[in-house]
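Structure, as structure tokens:
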Amino acid sequence: MLPIFLSNNQHSSFVVRLVRILRILLHTVYGGFLGIMIMPSATARQRNWIVSHWSRKLLKILNIEVILVGTLPDHDAVNTMFIGNHISWIDIHALNSVRAVRFIAKSDLKSWPIFGWLAKKCNTLFIEREQKKDAVRVIEEATSSLKRGDCLCYFPEGTTTDGTTLLPFKGSLMQAPINASATIWPFTIYYPNTDGSANTAMAFAGETTLVESIWQIVSVSNPRVVLTFLSKILPHGHERRGLTITARHAIATQLGFGHPED
């Protein structure tokens with residue numbers, strides 16, 4: 001069951017919103033500097049530290065409190081595929097603040113102003129979801145990445161929700177951890193209101209634009225995000241569909257959605 005965290009979700013003042021947006025812009029420019037001047041010559045461990053530090057700072061600017069539950073991954077974790085539900089672009093930074101990973105994301109992200117460029121600099125693996133053949137390429141690249149010891153993350157719903165439901169999982173990319181004998185680590189993301197219900201203002205779903213989403217988020221006075229890391233799953237002896245069902249069941253149960261659909 002989900003823990004209920006009491007928080008003040010009152011709206012922030014107009015001035016506070018503007019200050020937060022200005023700080024986001026400055027922090028994004030700083031991220032660009034890191035991407036151009038520091039990241040290319042940094043070691044893998046240094047890059048992970050830079051990404052985690054930048055993400056933690058962004059969450060602090062947005063006044064988002066991150067609540068961590070379960071056994072947490074550290075920077076010594078390797079050869080692991082993180083799998084979770086997907087609600088907002090904040091999800092990426094919340095996970096990166098704990099353990100920097102290589103994300104598998106829709107190719108649409110590349111066209112986002114500034115954030116798309118930063119995603120490329122963070123070695124995001126982009127997938128054309130409308131082209132089924134592209135999944136083969138991504139599986140091969142993800143397999144190679146995991147075998148090198150990288151930690152990856154993908155959101156098998158294939159899109160975002162407002163946090164009140166869990167969509168069916170697309171399991172094709174589950175083949176990568178099977179091929180690489182990598183650990184599968186399910187986790188959940190939840191943005192709670194004061195009464196424990198889903199804070200849908202934090203969601204980046206439906207027809208909401210990135211600009212609208214940023215404004216919604218900076219408008220929340222004291223938002224919180226709960227990351228719960230569940231039991232790891234070892235792929236040995238399992239096939240893709242079974243692993244997909246197992247991971248979804250664990251995530252749905254933690255989120256309180258009852259018995260999930262296959």
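Values quoted throughout were computed directly from the atomic coordinates according to the rules given, and no laboratory measurement underlies them. This one's a predicted model, so the numbers in the text were calculated from it and none came from an experiment. Every residue, glycine as well, gets a Cβ built from its backbone with ideal geometry; the counts of neighbours run over all protein chains shown.
Projected label points at Glu141 and Thr253, each 7 Å from Cα along the beta carbon direction, are separated by 3.5 nanometres.
How big is the antiparallel share of DSSP beta bridges in the range 14-255, given as a percent to the nearest 5?
Numbers: 6 of 26 bridges.
Counting DSSP beta bridges with both partners in the range 14-255, the antiparallel share is about 25 percent.
This model, with +1 at the C-beta of Lys and Arg and -1 at the C-beta of Asp and Glu, gives the chain a dipole about its Cα centre of some 780 debye.
When only Cα pairs below 8 angstrom with a gap of at least 6 residues are kept, the range 119-262 shows a relative contact order of 25 percent. As a proxy for reagent exposure, ranking Asp134, Asp195, Asp162 by other Cβ atoms within 10 Å from fewest up yields Asp195, Asp134, Asp162.
PRE reach from Arg45 (point 7 Å along Cα→Cβ): which of the range 74-112 fall under 12 Å by backbone N? Taking a point 7 Å out along Cα→Cβ of Arg45, the residues of the range 74-112 whose backbone N falls under 12 Å are 75-77. Once you order the gyration tensor axes a ≥ b ≥ c over the Cα atoms, which shape class does the chain get: rounded for a/c under 1.5, otherwise prolate or oblate by comparing a/b with b/c? Since a/c reaches 1.5 but b/c is at least a/b, the shape of the chain is classed as oblate. Within the same chain, aspartates and glutamates fewer than 8 places from Lys57 are excluded, and of the rest, those with a Cα less than 13 Å from its Cα are Glu65. Only one residue of Tyr30, Gly84, Ala94 has its Cα farthest out toward the positive end of the dipole of the range 1-119, where Lys and Arg carry +1 and Asp and Glu -1 on Cβ, and that residue is Tyr30. Please give, to one decimal in nm, the separation of the simple spin-label points placed at Glu207 and Ile67, each 7 Å out from Cα toward the Cβ. Result: 3.4 nm between the two label points. Among the trypsin sites (Lys or Arg not before Pro) in the range 175-262, those located in a DSSP loop and surrounded by at most 15 other Cβ atoms within 10 Å of their own Cβ are Lys232.
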